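What follows is one structure encoded as structure tokens, with my remarks underneath.
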Amino acid sequence: MSGMDVAVGTQKKNMSTKDYINSVVDGVVAKNPAEPEFHQAVREVIGSLLPVLERHPEYRSARLLERIVEPERVFMFRVPWQDDRGEVQVNRGFRIQMNSAIGPYKGGLRFHPSVNLGILKFLAFEQVFKNSLTTLPMGGGKGGSDFDPKGKSDNEVMRFAQSFMTELFRHIGPDTDVPAGDIGVGGREIGFLFGQYKRLRNEFTGVLTGKGLNWGGSLIRPEATGYGTVYFAAEMLKAKGKSLDGKTCLVSGSGNVSQYTVEKILDLGGKAITLSDSNGMIHDPDGIDREKLAFAMELKNVRRGRIKEYADKYPKAKFIAVDSTMDSNPLWNVKADCAFPSATQNEINAKDAANLVKNGVSLVAEGANMPSTLDAIKIYLDAGILYGPAKAANAGGVATSGLEMSQNSMRLSWTREEVDQKLHNIMIAIHKNCYETAEKYGTPGNLVNGANIAGFLKVADAMLDQGLV
């Protein structure tokens with residue numbers, strides 16, 4: 001060890017816990033430039049751990065923070081494929097295997113033009129703690145490509161997926177790494193990926209989740225993230241002696257998570273009044289009932305159309321164009337009781353959060369991954385809003401992927417009711433764990449701290465048990 005290394009090590013030992021945490025965050029920023037989403041995710045988690053490190057100096061001496069922010073492995077590869085015109089296209093593929101202390105890597109694949117290393121590292125880092133909270137033995141990972149399935153034919157998607165899996169297959173397996181879907185990766189994409197994996201490995205195993213029901217998939221998996229987010233919101237309200245019945249709700253996005261969030265809000269007596277996509281939002285003051293939801297699902301899932309068509313079909317609904325140059329999103333400036341951001345990361349900034357508070361929203365439950373900026377989260381907490389952070393509130397999706405893995409391992413299928421009940425129980429357990437952990441570590445009601453600390457403790461203890469690996 002060089003003299004400089006010894007000096008840095010001694011300096012870190014003599015730091016206050018707060019300064020030590022800041023030094024770890026500074027190290028992440030220095031080592032991973034141009035990855036702002038990853039920096040944000042690390043700040044959000046590690047910022048909660050001050051009371052933990054003060055009670056558990058063994059975590060600091062084992063350098064667990066420095067280890068937990070480093071992926072165990074990162075794969076980056078080219079994905080060449082041929083479009084329908086016979087032209088060769090080249091995309092970039094990734095898989096981040098972040099942490100396997102409590103089980104095989106588990107986390108989705110995202111196919112979207114915005115995909116890059118920093119976004120996937122943030123998602124993989126979040127996934128570690130989210131999976132820890134589910135009560136199931138799953139590590140954290142994430143992957144994907146900058147390929148855009150929008151506007152592509154089924155044959156083009158198949159050729160891309162087969163090329164992508166031709167490299168990925170050597171890094172995954174049912175006891176190593178089990179990817180799932182994410183933005184841009186639905187049942188069609190999972191089918192093509194699984195077919196190529198099976199062809200290359202000559203084995204039929206539960207290597208992917210989100211599979212078709214007739215070849216190893218689980219009932220409730222498509223619904224799970226949305227259902228779970230609403231179950232979590234119901235638990236937050238229940239802790240205050242309230243319920244979702246009669247509540248007006250804002251939902252962003254119009255994909256899988258948003259659709260089933262609206263469905264479960266209806267089941268529990270609430271009323272959703274918004275949906276959105278990359279072109280804009282609709283506001284339906286009468287509420288999105290089951291008939292309107294069925295139209296939106298057919299529009300998005302089958303015709304792959306734009307949400308503006310909802311307002312064409314239902315004239316009482318208003319369409320508002322939204323673009324990235326706007327300093328706030330009009331969707332979050334509608335009077336309501338609850339908000340379910342279900343589109344993408346950082347869709348709620350400080351101005352949006354202030355608008356939510358101003359318009360009477362008293363609960364935010366995150367269906368998307370990290371949809372609120374750090375400034376927005378501070379506004380929620382300062383205003384006393386019930387806030388369910390993504391790693392807890394949207395953990396139902398990966399929890400049901402874990403249930404799909406269990407069914408694959410046992411070569412059986414559970415009924416819809418059985419899976420839904422298990423999902424509901426997991427979300428109740430996650431809320432209870434976050435709520436009690438927040439109280440135990442001196443920040444009662446702060447589910448951000450509760451989720452970060454509870455998720456961290458399980459992984460940290462497993463890492464300690466397994467030695468310096």
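The values are calculated or read from the model by the stated rules, or taken from the named source; none is laboratory data. Keep in mind it's a predicted model, so treat the numbers as computed, not measured. In this analysis, Cβ positions are derived from the backbone assuming ideal geometry, glycine residues included, and neighbour counts consider all displayed protein chains.
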Single condition P285 does not satisfy, out of (1) assigned by TED's automatic domain parsing to the domain that holds V364; (2) surrounded by fewer than 14 Cβ atoms within 10 Å (Cβ to Cβ); (3) farther than 17 Å from W332 by Cβ: (3)
Pairs where the first residue, in the stretch 14-37, is assigned by TED's automatic domain parsing to the domain that holds P57 and the second is part of a loop (DSSP other than H, G, I, E, B) and not basic (K, R), C-beta under 6 Å, 6+ apart: V28/V69
Condition met for S413 (assigned to a loop (DSSP other than H, G, I, E, B), surrounded by fewer than 24 Cβ atoms within 10 Å (Cβ to Cβ) and in contact (Cβ under 8 Å) with a residue 40 or more places away in the chain): yes
Test set (1) without any contact (Cβ under 8 Å) to a residue 60 or more places away in the chain; (2) within 17 Å of A462 (Cβ to Cβ) - L120 fails condition number: (2)
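So which residues in the stretch 394-410 are loosely packed, with under 13 Cβ neighbours inside 10 Å and either in contact with a Gly (Cβ under 7 Å, 6 or more places away or on another chain) or modelled with pLDDT of 95 or more (or both)?
Within the stretch 394-410, just S409 meets the criteria.
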Boolean, F204 is among the aromatic types (F, W, Y) and free of Cβ contacts under 8 Å to residues at least 24 places away in the same chain: yes
Positions within the stretch 324-343 being under 24 Å from F122 (Cβ atoms), in contact (Cβ under 8 Å) with a residue 12 or more places away in the chain and surrounded by fewer than 18 Cβ atoms within 10 Å (Cβ to Cβ), in sequence order: D327, S328
Answer from E309, E263 - the residue that is out of contact with any Asp or Glu (no Cβ under 8 Å at 6 or more places or on another chain) and in the same structural domain as I377 (by TED's automatic domain parsing): E309
Which numbered condition A376 misses (of (1) of a type in the set (A, V, I, L, M); (2) at pLDDT 95 or above; (3) farther than 26 Å from D327 by Cβ): (3)
Qualifying residue in the stretch 413-427 (condition: under 24 Å from L123 (Cβ atoms), touching a strand residue (DSSP E or B) at 6+ places or on another chain (Cβ under 9 Å) and not assigned by TED's automatic domain parsing to the domain that holds N131): no
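From the residues in the stretch 230-258 that are within 18 Å of G186 (Cβ to Cβ) and buried (at least 24 other Cβ atoms within 10 Å of the Cβ), which one is modelled with the lowest pLDDT?
Applying the filter and picking the extreme gives N256.
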Odd one out for P389, checked against (1) of a type outside the set (D, E, K, R); (2) surrounded by fewer than 22 Cβ atoms within 10 Å (Cβ to Cβ); (3) in contact (Cβ under 8 Å) with a residue 12 or more places away in the chain: (2)
From A272, A294, residue being surrounded by fewer than 17 Cβ atoms within 10 Å (Cβ to Cβ), over 15 Å from N394 (Cβ atoms) and assigned by TED's automatic domain parsing to the domain that holds M326: A294
Among residues of the stretch 168-195, those that are closer than 23 Å to M370 by Cβ, β-branched (V, I, T) and either assigned to a loop (DSSP other than H, G, I, E, B) or not assigned by TED's automatic domain parsing to the domain that holds M158 (or both), counted: 2
Pairs where the first residue, in the stretch 150-169, is in contact (Cβ under 8 Å) with a residue 24 or more places away in the chain and the second is of a type in the set (A, V, I, L, M) and part of a helix (DSSP H, G or I), C-beta under 6 Å, 6+ apart: A161/L193; M165/L193; F169/L200
Residue match in the stretch 411-427 (condition: closer than 20 Å to P137 by Cβ and modelled with pLDDT under 95): yes
